[in-house]
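The structure appears right after this line, and notes come after that.
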Amino acid sequence: MERLAIYPGSFDPVTNGHVDIVERGLKLFDRIIVAVLLNPSKQFLFSVEERLEMLRDSLKKFTTVETDSFDGLLVNFAKEKNARAILKGMRAVSDFEHEFQMALMNRRMNREIQTVFLMTGFRWIFTSSSIIKEVARFGGDVSGMVPLIVNQKLKQKYGYGS
Ligand code: PNS
């Protein structure tokens, strides 16, 4: 059976930390679907289409990685895709409590699907989409922390790019 994992998130926008998790995940899984949650109740900087476009561009070198979007429960999406795992990145301790809670709830809903946490690379421990946006919004340099396309899109979005 193919080892397929779903890597879910908001990806608003994708960072080098996310790309690092995909790369590490590919050492364990045959295929990964990076899935953007359609969540109308949350305020995002980028539209789903923009987030998917940035993901596609940032992950194009990985031939066994796909991008998709989903709404509703993650475990239902994973089951529909025949995935055996949910892939999550773990940074500092601050991530732990919420991630643990979600993993246990997902397991309660579907015992066939395992959540696999991978430690992000040390250099990305303090990288998050929120902090990237905060810095980029005021013209700070985030190159090297996000894929090239994301850096460009952030500049356009905040009105100082070409
Ligand atoms: O990048 P984020 O915002 O931390 O991603 C959160 C995400 C999308 C992984 C989480 O909100 C999620 O799985 N949402 C889908 C709805 C669901 O299944 N909720 C129950 C999990 S306990």
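The values are calculated or read from the model by the stated rules, or taken from the named source; none is laboratory data. Quantities reported herein were computed from a predicted structural model and do not represent experimental measurements. We place every Cβ from the backbone using ideal geometry, glycine too, and count neighbours over all the protein chains shown. Protein only, heavy atoms only, side chains kept; ligands, DNA and RNA dropped before computing areas. Shrake-Rupley method; radii C 1.70, N 1.55, O 1.52, S 1.80 Å.
For the chain, the longest principal axis of the C-alpha atoms and the axis of helix 48-58 are separated by about 90°. Semi-axis lengths, largest first, of the ellipsoid equivalent to segment 4-125 are 19, 17, 16 Å, with √(5λ) applied to each eigenvalue of the Cα gyration tensor. Straight-line cross-link reach from residue 79 at under 26 Å between alpha-carbon atoms covers these lysines, not counting any fewer than eight positions away in the same chain: 27, 42, 60, 88.
In this calculation the C-beta distance from residue 57 to residue 111 is compared with R0 = 30 Å, giving a FRET efficiency of 0.25. Stretching residue 141 away from residue 27 to a fully extended chain increases their span by 37.9 nm, per 0.36 nm per residue minus the current alpha-carbon distance.
Selection among 106, 124, 8 by position relative to the dipole of segment 4-125 gives 106 as farthest towards the positive end (Cβ unit charges, Cα centre). Estimated at the nearest 10 Å², the accessible area of residue 97 is 150 Å² with a 1.4 Å probe.
For segment 62-126, the Kirkwood estimate of hydrodynamic radius, built from reciprocal distances between every pair of different alpha carbons, is 13.2 Å. Once the Cα-Cα distance is subtracted from the 0.36 nm per residue extended length, the residue 2 to residue 64 segment shows a gain of 21.2 nm. Between residue 148 and residue 71, residue separation times 0.36 nm minus the direct Cα-Cα distance comes to 24.9 nm. Each of the peptides 83-93, 118-128 was scored by the mean count of other Cβ atoms within 10 Å over its residues; in descending order, highest first, they stand as 83-93, 118-128. Rounded to the nearest 10 degrees, the inclination of helix 96-109 to the longest alpha-carbon principal axis of the chain is 40 degrees.
Note on residue 134/residue 101: beta-carbon distance plugged into 1/(1 + (r/R0)^6) with R0 of 30 Å gives a FRET efficiency of 0.75. Take segment 26-162 with all the other protein chains still there, run a 1.4 Å probe, and you get 63 Å² of accessible area per residue.
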